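Take a look at the structure below.
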Amino acid sequence: GVLPREPMHSSITVRLPTLEELDAYALEQWECFLLQLISSSQVERQTNFSSSMMTIFQRGLLSQRDKEALRLTVHGFQFLLMDTNAQLWYIIREYILNSEDRGVDTADLISFLLELSFHVSGEAYNINTLNEIQRIVIKDLADLGLLKLQQGRKESWFIPTKLVTNLSVTLSDSSSRKQGFVVVETNFRTYAYSSSKLHCEILRLFSRVEYQLPNLIVGAITKESLYNAFENGITADQIISFLQQNAHPRVAEKLPSVPENVTDQIRLWEADLNRVEMVSSNFYDEFPSRDVFESACDYARENGGHLWEDSKRMRLVVKAEIHMQMREYLRRQK
Amino acid sequence: MVNATKGLLISCDIPMAQFIINMNASLPASQRFIIHVLDNTHLFVQPNVEQMIRSAISEFRDQNSYEKPA
């Protein structure tokens, strides 16, 4: 099919941002949005989203207990460690689901977003090709970094960024992968080549940030910093896949991109927190005969409640959930 | 007639089992919670002691960690 709008003709003299400038703009907008989302005190300026919109985005990711400040929930922590495309889709989904309440037809919004994803990133399109609702929507999208709005002398334009054209790209497409920035060394030190406050916040989730230089964040992964992360509901796998997916190009080529001793240790520390398993159950003994004992064991196994047995002394432990059934069954055996 | 007892089945590694048995032995008789020691990796205990055992394990784990003073 043909797009309902053509990109701006090159004869019109207005300076368009280069692709690099556009990418930087998109990244900045998106990070500013994310920082504001997690109520970070690091955010320098607020986006134009109303506080009610922000509350809707924050639902499920942050929670508030009485008079305390907003805190990240388990989902919130996991959200921060997801890759950008997944995060973007989560936010867009919330935005779409909420559209009815704001008087925007959901189907129209979805088709507009899909339409936008097929535009060419870096090309400018005239705003006069949009209807009224769409003009309101693009202001929100500019806040997320999906588009850049540009004012010409007589007309206004919007320029789609890589973020919106990636909406229709599958998650496995490696060309949409942003460049990694983290180097993890075998001595558990982390070197993150980034000046982004968001990256710093994310690293603080599971590592001890030691120095913040203009282009480098130095830290270390310690038992204490990981226990902190585990207490907040982050799993070892999430931390490891974050480190692997964001590995600096220098180390990304190596296999493994994150040293094995570090990934092993992260998993070991997680396992150390779960050394004991406790299950509500019932203990059966004094079986009248071996036959009754063995059929009870089989019955327990068939109903998924068999936990432990000692065949020599005829003792059986069964999950509490099926106790009533076991009792009935044993009564029938007499 | 088969006898049924309600409680909690604890599955863990051998050192942890010993830790819990030791903890049990150090309590006064009225507070002891182990009903049966099933084998060297399983214990059957009174219900409602889960939280107490977990905090004792947590304390034990903290005693084993050294954090460099800042």
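Derivation of every value follows stated rules applied to the coordinates shown; laboratory data play no part. Note that the structure is predicted; figures quoted are calculated from it, not measured. Positions of Cβ are generated from backbone atoms using ideal geometry, with glycine treated the same way; all protein chains shown enter the neighbour counts.
The translational diffusion coefficient of the range A:182-274, from Stokes-Einstein at 25 °C and 0.890 mPa s with a Kirkwood hydrodynamic radius over alpha carbon pairs, comes to 186 µm²/s. Using alpha-carbon positions, what is the distance between the centroids of the range A:181-218 and the range A:129-159, in Å? Between the Cα centre of the range A:181-218 and that of the range A:129-159, the gap is 35 Å.
Considering all alpha-carbon pairs of the range A:281-333, what whole percent are spaced by more than 15 angstrom? Please list the in-between numbers first.
Working: 456 of 1378 pairs.
So the portion of pairs separated by more than 15 Å is 33 percent.
Among the listed pairs A:Lys223/A:Lys319; A:Lys223/B:Lys6; A:Lys223/A:Lys254; A:Lys139/A:Lys197; A:Lys254/B:Lys68, those with a Cα-Cα distance over 30 Å are A:Lys223/A:Lys319; A:Lys223/B:Lys6; A:Lys254/B:Lys68.
If you take the Cα centroid of the range A:253-327 and the Cα centroid of the range A:55-116, the two points sit 39 Å apart. In the frame of its principal axes, the protein assembly as shown has Cα extents of 96, 55, 46 Å, reported largest first.
For chain A, what is the charge dipole size about the Cα centre, in debye to the nearest 20, if Lys and Arg each add +1 at the Cβ and Asp and Glu each add -1 at the Cβ? All intermediate terms of the calculation are to be shown ahead of the outcome.
On the way: 36 positive and 44 negative charges, 70 e Å.
Dipole of chain A, to the nearest 20 debye: 340 debye.
Treating r as the C-beta distance of A:Glu253 and A:Asn187 and R0 as 22 Å, the FRET efficiency rounds to 0.60.
With angles folded into 0 to 90 degrees, how steeply does helix A:197-206 sit against the dominant principal axis of chain A? Use alpha carbons for both and round to 10. Taking the Cα atoms of chain A, the angle to A:197-206 is about 10 degrees.
Rounded to 0.05, the FRET efficiency of the B:Gln51 and A:Ala24 pair, given R0 = 56 Å and the Cβ-Cβ distance, is 0.65.
Does a label point 7 Å from the Cα of B:Glu67, set along Cα-to-beta-carbon, have any residues of the range A:180-203 with amide nitrogen under 13 Å, and which are they? Output list for this probe position: empty. Note on A:Glu294 and A:Leu149: their simple-model spin labels are 8.0 nm apart, each label 7 Å out from Cα toward Cβ.
Roughly how crowded by other chains is peptide A:266-275, in terms of the mean Cβ count from those chains within 10 Å of each of its Cβ atoms? Walk me through the numbers on the way to the answer.
On the way: counts 0, 0, 0, 0, 0, 0, 2, 3, 1, 8.
Partner-chain Cβ atoms within 10 Å, mean over residues of A:266-275: 1.
Computed over Cα pairs, the Kirkwood radius of the range A:19-167 leads via Stokes-Einstein (0.890 mPa s, 25 °C) to a diffusion coefficient of 152 µm² per second. Springs join every pair of Cα atoms under 10 Å in this Gaussian network model of chain A, and among A:Leu273, A:Leu307, A:Leu80 the largest mean-square fluctuation is at A:Leu307. Label point of A:Glu277 set 7 angstrom out along Cα-Cβ; within the range B:1-22, amide nitrogens under 17 Å from it belong to B:8-17. In chain A, the longest principal axis of the Cα atoms and the axis of helix A:132-144 are about 70 degrees apart.
Applying 0.36 nm per residue to the separation of A:Asp264 and A:Asp285 and subtracting their alpha-carbon distance, the gain on full extension is 3.4 nm.
In chain A, the longest principal axis of the Cα atoms and the axis of helix A:323-333 are about 30 degrees apart. Using 0.36 nm per residue and subtracting the Cα-Cα separation, the extra length available between A:Gln245 and A:Glu115 on full extension is 43.9 nm.
Our compactness index for the range B:12-67, the C-alpha radius of gyration over the empirical 2.2 N^0.38 Å, is 1.16.
Take peptide A:140-147, look around each residue's Cβ out to 10 angstrom, count Cβ atoms belonging to other protein chains, and average those counts. Intermediate results must be reported in sequence, preceding the final value.
Numbers: counts 0, 0, 0, 0, 0, 0, 0, 0.
Rounded to a whole number, the mean comes out at 0.
Couplings for the range A:115-120, taken from phi via the Karplus curve 6.51 cos²θ - 1.76 cosθ + 1.60 with θ = phi - 60°, read 4, 4, 5, 9, 6, 8 Hz in order; Gly and Pro are left as x. Label separation (A:Asn48 vs A:Ser156): 0.7 nm, computed from points 7 Å beyond Cα along the C-beta direction. Zone of B:Asp13 (label point 7 Å along Cα→Cβ, backbone N under 16 Å): which residues in the range A:224-267? Label zone hits: A:264-267.
Rounded to the nearest whole Hz, the Karplus-based 3J(HN,Hα) values (6.51 cos²θ - 1.76 cosθ + 1.60, θ = phi - 60°) of the range A:210-218 follow the sequence 9, 10, 10, 9, x, 10, 8, 10, 9, with x at glycine and proline.
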